[in-house]
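Participant: Right, I'll just put the structure down here and ask away after.
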Amino acid sequence: MRRTRALSVLLALLVDPVFATAQAKDMTNDERHQVDVMLSQVSGDLTKHYYDPKLHGVDWSAKVSQAREQIKQEKSLNMAMAHIAAALDSLNDSHTFLIPPRRPYVLDHGWTVQMIGEKCFVTRVRPGGDADTRGVKPGDQLLAINGYRVGRDNLWKIEFAFNVLRPLPQLTVTLRDPRGEERKVGLEAQFRQRAHLQNLDMNTIQKMVLDEEEWACRQRIRTVEYGDDLMIAKLPSFMFDQLELDKLISMGRKHKAMILDLRQNPGGSVEAEKWLIGSLFDRDIKMYDQVGRDSTKTIVAKSSHHPFEGKLFVLIDSKSASASELLARIVQLEKRGMIIGDRSSGSVMESRRFSYSAGIDVVMFYGASITDANLVMTDGQSLEHAGVTPDEVVLATADDLANGRDPVLAHAAELGGVKIAPQDAGRLFPYEWPKD
């Protein structure tokens, strides 16, 4: 039932009248042919490389035939591609999805939202953005977007549909403030034009380099130290190199306890994950069995020569995904430390990215992420759709969000021997908005 509800939401989103009518122009015959080629290329690699040759019992040939017929009837390029995305979504796999052609622009509605427990909240509002000017506040509960009720099962599908498949410049959101009052708010996105690769000049190249540097800066590991008692490390992703990790662990060894904050960490490099796990144990650790289409491989993290041996606390939330979830569960299974926060995403598979192009005069570049392995933990279970349940569930309230408090980090710090007020914990790692 959970799978059916989540899938029906995405299918409903893809055929929403807003999608169908908010289009710049009708699709040309060349574009229709390109989408048909897209369907064939993605389908071909899926049937060759998907880890389950039975495709979970999905009649894939029927799905492809249905999508092809729908593409013939569509007038919108975006809607035509959406039918491919819907076919892939029928596998109910977090790591198998369409990567549509890159948009020539970026949309920003000026807020971030996230599931906390079973409710969705506005967690941040960009100063001066449209959400800010229209009175949206951190701590507001998000009930619906464009009429679609929001929950753990469908939030990522709604965001994928509205932000990736068919970015919408206007959203109508239903909010409930901490006093319990409900209201509807229309949000207008800010546009930022991407650089055109066909007409590169020095200014454009410089802007692209600055954008890349800004992104890399936001992925850096940030730390705060409290004497020799505690070090807190905020890891935005697993995109660090071994030199950065060695520096982190060297700092950590000077402290009795360490907090790894993996909240909102979507994962990243498998090698970086292995390095970090190896730096937390004094022995080699079996991470999981990588169950592929034709074989099963055991993945092991090799212990480093000088691992961190103090108390360990790992923070996770509903946006902790993939490598973050794996690390948290390994620490939990090996009884190496304590996991604190909210149940994680449940998006744990291993996939390959396939890149394609279609067209001659006008070339369309796109891709697909296709799962080529399931990851089975040492307890015989997969984390896909299940996630990691913390040893201690600690959730921020609407009032905490509205006042910038972080009770999760404050509680973990206290367990690590350092008293930090939730208000002060909320200021330790200020959120860095992408620049305009």
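Participant: Rounded to whole Å and sorted largest first, list the principal axis extents of the Cα atoms in region 270-310.
Facilitator: Extents along the principal axes, in whole Å: 39, 17, 14.
Participant: Right, next: Grab the Cα-Cα distance for residue 144 and residue 164, subtract it from 0.36 nm times how many residues apart they are, and report the gain in nm with one decimal. Let's see the in-between values first.
Facilitator: On the way: separation 20, 0.36 × 20 = 7.20 nm, distance 1.82 nm.
Using 0.36 nm per residue and subtracting the Cα-Cα distance, I get 5.4 nm.
Participant: Please figure out what share of the DSSP beta bridges in the chain is antiparallel and state it in percent, rounded to the nearest 5. Kindly include the intermediate steps, with their values, before the conclusion.
Facilitator: On the way: 53 of 70 bridges.
That works out to approximately 75 percent antiparallel.
Participant: A further question on this structure: Taking Cα atoms, how many degrees apart are the long axis of helix 242-252 and the longest axis of the chain, rounded to 10 and kept between 0 and 90?
Facilitator: The angle comes out near 30 degrees.
Participant: Then there is this: Tell me which aspartates and glutamates have Cα within less than 17 Å of residue 54's Cα, excluding those fewer than 8 residues away on the same chain?
Facilitator: Of all the aspartates and glutamates, those that pass the test against residue 54 - Cα under 17 Å, at least 8 places apart if same chain - are 45, 89, 93, 294, 372.
Participant: Can you tell me which of 149-155, 232-238 comes out highest on packing, and rank the rest after it, using the mean Cβ neighbours within 10 Å?
Facilitator: Numbers: 149-155: 18.1, 232-238: 22.4.
Those peptides, ordered most packed to least, come out 232-238, 149-155.
Participant: Same structure, new question: Give me the percent of the accessible area of region 282-385 that comes from carbon and sulfur atoms, probe 1.4 Å, all protein chains in place.
Facilitator: Details: 2150 of 4660 Å².
Roughly 46 percent of what the probe reaches on region 282-385 is carbon or sulfur.
Participant: Scan around residue 351 for amide H atoms under 5 Å from its own, H built in the peptide plane at 1.01 Å from N, and keep only partners 5 or more places away or cross-chain.
Facilitator: Amide H neighbours of residue 351, under 5 Å, 5+ apart: 372.
Participant: Spelling out what I want: for every residue of region 68-77, take phi, set θ = phi - 60°, compute 6.51 cos²θ - 1.76 cosθ + 1.60 (Karplus), and round to whole Hz; glycine and proline get x.
Facilitator: Calculated HN-Hα couplings, in order: 5, 5, 5, 5, 4, 8, 6, 9, 9, 4 Hz.
Participant: Where does helix 202-218 land angle-wise versus the long Cα axis of the chain, in degrees 0 to 90, nearest 10?
Facilitator: 40
Participant: In Å and on Cα atoms, what radius of gyration and Dmax does the chain show?
Facilitator: Final numbers for Rg and Dmax: 22.6, 67 Å.
Participant: Could I ask something else about it? Length gain on complete extension for the stretch residue 334 to residue 421, per 0.36 nm per residue less the alpha carbon to alpha carbon distance? Kindly include the intermediate steps, with their values, before the conclusion.
Facilitator: Working: separation 87, 0.36 × 87 = 31.32 nm, distance 3.06 nm.
Gain on stretching residue 334 to residue 421: 28.3 nm.
Participant: Separate question: Pairing the Cα long axis of helix 323-333 with the longest principal axis of the chain, what angle in degrees results, from 0 to 90 and rounded to the nearest 10?
Facilitator: Here the helix axis deviates by roughly 40 degrees.
Participant: So how do 307-320, 45-58, 409-422 stack up, highest first, on mean other-Cβ count within 10 Å? Mind dumping the intermediate values first?
Facilitator: Numbers: 307-320: 22.9, 45-58: 14.4, 409-422: 19.1.
Ranking the peptides 307-320, 45-58, 409-422 by packing returns 307-320, 409-422, 45-58.
Participant: So for the pair residue 379, residue 250, with labels modelled 7 Å out along Cα→Cβ, what separation do we get in nm?
Facilitator: With each label placed 7 Å out from Cα toward Cβ, I get 3.7 nm.
Participant: Can you give me the distance in nm between label points at residue 435 and residue 192, each placed 7 Å from the Cα along the Cα-to-Cβ direction?
Facilitator: Result for the modelled spin labels: 0.9 nm.
Participant: For n ≥ 4 DSSP H runs only, could you compute -39500 (n - 2.57) per run for the chain, divide by its residues and tell me the 222 nm figure to the nearest 500?
Facilitator: -9500 deg cm²/dmol
Participant: Long-range amide H contacts for residue 387: which residues qualify at under 5 Å (H placed 1.01 Å from N, peptide plane, sequence gap of 5 or more or a different chain)?
Facilitator: For residue 387, whose amide H was placed from the backbone, the distant partners under 5 Å are 346.
Participant: Now, a different point. Taking 25 Å as the cut-off for C-alpha to C-alpha distance, list the pairs among 247/297; 137/319; 247/302; 274/319; 157/302 that go past it. Mind showing how you got there, number by number?
Facilitator: Working: 247/297 31 Å; 137/319 20 Å; 247/302 18 Å; 274/319 21 Å; 157/302 36 Å.
Correct reply: 247/297; 157/302.
Participant: Express the carbon and sulfur contribution to the solvent-accessible surface of region 65-120 as a percent, rounded to the nearest whole number, probe 1.4 angstrom. Walk me through the intermediate numbers first.
Facilitator: Numbers: 1040 of 2090 Å².
C and S atoms contribute 50 percent here.
Participant: Further question on the same structure: So what J values fall out for region 154-167 if you push phi through Karplus, 6.51 cos²θ - 1.76 cosθ + 1.60 with θ = phi - 60°, rounded to Hz, Gly and Pro as x?
Facilitator: Coupling constants for region 154-167: 10, 4, 5, 5, 5, 5, 5, 5, 7, 9, 10, 5, 9, x Hz.
Participant: Given a Förster distance of 35 angstrom, what is the FRET efficiency for residue 297 paired with residue 219, based on the Cβ-Cβ distance and rounded to 0.05?
Facilitator: Rounded to the nearest 0.05, the efficiency is 0.80.
Participant: Next question. Provide, for q = 0.24, 0.32 Å⁻¹, the log10 of I(q)/I(0) from a solvent-free Debye sum over equal Cα point scatterers in region 230-271.
Facilitator: -0.88, -1.14
Participant: Among 120-128, 423-431, 87-95, 256-264, how do they line up by average Cβ neighbours within 10 Å per residue, starting with the highest? Spell out each step's value before the answer.
Facilitator: Numbers: 120-128: 18.6, 423-431: 15.2, 87-95: 21.3, 256-264: 24.9.
In descending order of packing, they fall as 256-264, 87-95, 120-128, 423-431.
The values are calculated or read from the model by the stated rules, or taken from the named source; none is laboratory data. The structure presented is a predicted model; accordingly, all values stated were derived computationally and were not measured. Note that each Cβ is placed from the backbone with ideal geometry, even for glycine, and that neighbours are counted across all protein chains shown. What goes into the accessible areas is simple: the full protein's heavy atoms, side chains included, and nothing from ligands, DNA or RNA. Shrake-Rupley method; radii C 1.70, N 1.55, O 1.52, S 1.80 Å.
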